[in-house]
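Below is one structure, written out as structure tokens; comments come after it.
The values are calculated or read from the model by the stated rules, or taken from the named source; none is laboratory data. All of these numbers come straight from a predicted model, not from anything done at the bench. Because the Cβ atoms are built from the backbone with ideal geometry, glycine has one as well, and the counts that use them run over all protein chains shown. When the accessible area is computed, the model is the full protein with side chains, heavy atoms only, and any ligands, DNA or RNA have been set aside. Shrake-Rupley method; radii C 1.70, N 1.55, O 1.52, S 1.80 Å.
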Amino acid sequence: MFSSPHPPVVAPSLLAANHGRLAESCLSVAQAGLPWLHLDIMDGHFVPNLSFGPQLLADLRPLCRLFFDTHLMLDNPQHYIEPFARAGAQQITIHAEPDYPVGPTLARIRALGLKCGIAFNPGTPVSAVEPFLAQVDNVLAMTVQPGFGGQKFDHSVLAKIAQLSQWRAERKLNFRLEVDGGVDDVTGLLCRAEGADTFVCGTAYFHAPDRRKFVEVLTT
Ligand code: DX5
Ligand code: ZN
């Protein structure tokens with residue numbers, strides 16, 4: 001069991017909303033009083049799916065003050081940092097798996113005045129993100145294979161979340177610990193018990209019968 005130094009946040013993932021009405025969905029999150037919106041950016045290479053580009057963030061930006069938590073699932077994220085920063089992202093999280101200069105890309109995100117994060121897939125050892133822990137604001141543990149919403153939570157990632165929490169405490173680090181994929185009111189609490197503080201919820205949030213209650217379960 002671990003706890004986090006950060007207050008818990010639910011970050012609804014726009015991927016699970018109706019893509020014909022993205023502005024409405026974005027506004028509904030803001031009107032519900034939630035501070036974050038999670039934006040999943042997919043390139044059809046790193047993951048077998050396509051989603052949004054910087055234009056979506058730019059168009060949503062003037063509508064709300066939500067913290068745009070931008071998750072780049074791209075083979076070459078280093079080419080897209082400036083476009084997403086210009087479009088209004090507050091945080092950009094990049095993956096540890098592809099072959100590109102990860103450390104310098106994190107440093108560039110920071111230099112643009114944004115928060116930066118490192119993500120890893122369920123099959124990736126947690127040691128892949130360890131060299132970056134002192135450099136990031138956010139560590140994103142994928143709890144499904146990225147690419148699609150609505151998949152089943154992978155319980156094997158819980159041990160990695162615990163390991164990250166232990167490192168955070170022992171080394172006096174301050175990153176947020178975000179979980180993404182199959183997170184609902186049951187699996188989210190399992191993650192919270194291991195020190196996760198940021199809960200990306202797509203399907204579980206947008207299809208919750210009572211969104212307010214759903215958020216309360218994960219954050220109180
Ligand atoms: C998956 C994305 C997730 C996705 C989560 O590749 O990174 O953010 O939207 O969706 P749910 O909550 O439905 O598993
Ligand atoms: Zn995501």
Sequence of Tyr205, Tyr100 when ordered by accessible area, the most exposed leading, probe 1.4 angstrom:
Tyr100, Tyr205
Report the gain in length on full extension from Thr219 to Met1: 0.36 nm times residue separation, minus Cα-Cα distance, nm rounded to one decimal.
76.8 nm
Full-extension gain in nm, Gln55 to Lys172, via 0.36 nm per residue minus C-alpha separation:
38.3 nm
Where a ≥ b ≥ c are the square roots of the eigenvalues of the C-alpha gyration tensor, would you call segment 100-220 rounded, which needs a/c under 1.5, or, failing that, prolate if a/b is larger than b/c, or oblate?
prolate
Where the chain is the region considered: accessible area per residue in Å², 1.4 Å probe:
43
Please report the relative contact order for the chain, taking Cα pairs under 8 Å with a sequence separation of at least 6, and give it as a percent rounded to a whole number.
23
Largest fluctuation, Gln31, Gln78, Gln151 only, Gaussian network model of the chain with Cα springs under 10 angstrom, belongs to Gln31
When you have a sec, figure out the Kirkwood radius of segment 152-214 from all distinct Cα pair distances and drop it here in Å to one decimal?
12.3
Within the chain, what is the number of lysine pairs with alpha carbons under 22 Å apart, leaving out pairs fewer than eight places apart on the same chain?
4
Scaled to the compact-protein estimate 2.2 N^0.38 Å, what is the alpha-carbon radius of gyration of the chain, rounded to two decimal places?
0.92
Using square roots of five times the C-alpha gyration tensor eigenvalues, list the equivalent-ellipsoid semi-axes of segment 108-153 in whole Å, biggest first.
23, 14, 7
Can you run the Rg to Rh ratio on segment 51-115? Use alpha carbon positions and the Kirkwood inverse-distance Rh.
0.95
Could you look at segment 1-148 and say what percent of its accessible area is carbon and sulfur, using a 1.4 Å probe and all protein chains?
55
Output ³J(HN,Hα) for segment 165-174: one whole-Hz value per residue in order, computed from phi by the Karplus curve 6.51 cos²θ - 1.76 cosθ + 1.60 with θ = phi - 60°, and x for Gly and Pro.
4, 5, 4, 4, 6, 4, 9, 6, 8, 10
For the chain, set up a Gaussian network in which alpha carbons nearer than 10 Å are linked by springs, and say which option among Lys160, Lys152, Lys172 fluctuates the most.
Lys172
Could you work out the percent of alpha carbon pairs in segment 1-88 separated by over 23 Å, rounded to a whole number?
27
Arg212 versus Glu82, label points 7 Å from Cα toward the beta carbon: distance in nm?
4.6
Using only protein heavy atoms and a 1.4 Å probe, report how much of Glu194 is accessible, in Å² to the nearest 10.
50
